[in-house]
Amino acid sequence: MKQRITLASALVIGALAFTPVQAQERKWTDDLKVQAYGELYYMYDFNQPKSGQLNNFLYSYNRHNEVNLNFGMAKLSYNKERVRANLAFMAGTYVKSNLASEPDGLKNIYEANVGVKLSPTQELWLDAGIMPSHIGFESNIGADIMTMTRSMMAENSPYFSSAVKLSYITPNQKWMMAINVMNGWQRIQRPEGNSTIAVGHQLTYTPNTRWTINSSSFIGSDTPDVERKMRYFHNLYASYQFNENLKLLAGFDIGVQQKEKNSHAYSNWYAPLIMGQYKLSDKWRVAARAEYYCDKDGVIINTETANGFQTLGYSVNIDYQITDEVLWRIEARSLNSKDAVFIRNDNQVSGQTFVGSTISIRL
């Protein structure tokens, strides 16, 4: 009798303990993810600008001889099978420089978007809101790119957009295709007097784990309607992972813009780049970059000089991965222009050299 009672009691207790766990429903908060990222920096420009600003065409790591926050971000993400959303806020000197034209209520928004999967069986998504740009291979997250500072092509093409995006990834994961309808060229709010929208595409081909090839475009106007100048821009890049230690990347930007409204005359600019990274060990990496930016008519970088902005640049950086979360970097960079577009001791000069260091943390 004692044995039967013990067995029955065990079955009852086991059922009571097991049933609530099995019956417990998944909470919506289980699909939330919190992320944070920040990067502190110090830059020293040998031209020693009195304003403390390196120059007007670099928007990241652009304060001279001071320790500062380039970019800090806190992000909340929600992901389910057919719904996703992101909300992120940011601060730093990047925000002050790169979002100066946005209203105060929007300047500190890094992401604010929602997406719906339109097909239950295919990776077909419709996303809308403020999101990272579909152009280029460099983002605000410095730890994700090879070099410490951003290239001239990245600094002078969109980092973000306010857009509606329709995207599709093939079942074999080799192709990603997207169409973007945007408020403009790196705009959250359209410029005053501009009633047009912009469009762009993205096409990414990843045939294997070594290759990534990407094509992105922008078509639109960033000027008021009364002087509407159409802009046509294309970015192309390819990266190749030679082996576990060596990675190379080449990129090319080209753009044209009407000189006047309804004109058949165009100004153009272009920017080629090549960079590489070599992994010395699990902790140490080195990277180098060579780049050129040509904008004779000052469409993107206006110097008001005879030859416009025609600048060649080189950089080399060393990275040390202190922990999985913390990365320390140092970099030396030199820029040389055809015209005297930089300032040293109140004099116009054609060269600029600076060194810097960053420490970033990702949580």
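The values are calculated or read from the model by the stated rules, or taken from the named source; none is laboratory data. Source: prediction; values computed, not measured. As a convention, Cβ positions derive from the backbone with ideal geometry for all residues, glycine included, and neighbour counts pool all protein chains shown. To get the accessible areas, we keep the full protein, side chains included, count just its heavy atoms, and leave off ligands, DNA and RNA. Shrake-Rupley method; radii C 1.70, N 1.55, O 1.52, S 1.80 Å.
Taking the Cα atoms only, what angle lies between the long axis of helix 2-23 and the longest principal axis of the chain, rounded to 10 degrees? Its long axis makes an angle of about 30 degrees. Cα centroid distance between the range 226-303 and the range 48-113, in Å? With the range 226-303 and the range 48-113 each reduced to a Cα centre, they are spaced 21 Å.
Exposure check, 1.4 Å probe, all protein chains in place: L40 carries approximately 90 Å² of accessible surface.
Annotation for S195 and Y270: the two label points, set 7 Å from Cα along the Cα-Cβ direction, are 3.7 nm apart.
Taking Rg and Dmax of the Cα atoms in Å as calculated from this structure, the corresponding entry among (i) 24.8, 105; (ii) 20.3, 72; (iii) 20.2, 67 is (i). Taken per residue, the accessible surface of the chain reaches 52 Å², heavy atoms only and a 1.4 Å probe.
Each 10 Å bin from 0 upward holds the following percent of the Cα-Cα pairs of the range 182-259: 18, 36, 23, 16, 7, 0. Put a dot 7 Å past the Cα of D104, heading toward its Cβ, do the same for E325, and the two dots end up 3.4 nm apart. Take every pair of alpha-carbon atoms less than 8 Å apart whose residues are at least six positions apart; their mean separation over the length of the range 174-291 yields a relative contact order of 17 percent. Computed on the chain, with alpha-carbon pairs under 8 angstrom and 6+ residues apart, the relative contact order is 12 percent. Annotation: for a label point projected 7 angstrom from Cα along Cα→Cβ of Y168, residues of the range 92-131 with backbone N closer than 14 Å are 118-126. Here the Gaussian network model covers the chain, with springs between Cα atoms less than 10 Å apart; of L76, L280, L58, L280 fluctuates the most.
Please give the calculated 222 nm ellipticity per residue for the chain, where each DSSP H segment of at least 4 residues contributes -39500 (n - 2.57) and the sum is spread over every residue; nearest 500 deg cm²/dmol? Intermediate values should be presented prior to the final figure.
Details: 3 runs with 32 residues, N = 363.
Computed mean residue ellipticity for the chain: -2500 deg cm²/dmol.
Convex hull of alpha carbon positions in the range 323-363: directionally averaged projected area 4.1 nm². Of the solvent-accessible surface of the chain, computed with a 1.4 Å probe over protein heavy atoms with every protein chain present, carbon and sulfur atoms account for 58 percent.
Using only the heavy atoms of the protein chains and a 1.4 Å probe, how would Y205, Y293 rank by accessible area, largest first?
Final ranking, largest accessible area leading: Y205, Y293.
Rg and Dmax of the range 203-345, both derived from C-alpha coordinates alone, stand at 19.1, 57 Å. For the chain, the dipole from Cβ point charges (+1 on Lys and Arg, -1 on Asp and Glu) about the Cα centre works out to 1000 debye, to the nearest 20. When the alpha-carbon atoms of the range 47-116 are used, the pair Rg, Dmax equals 15.9, 53 angstrom.
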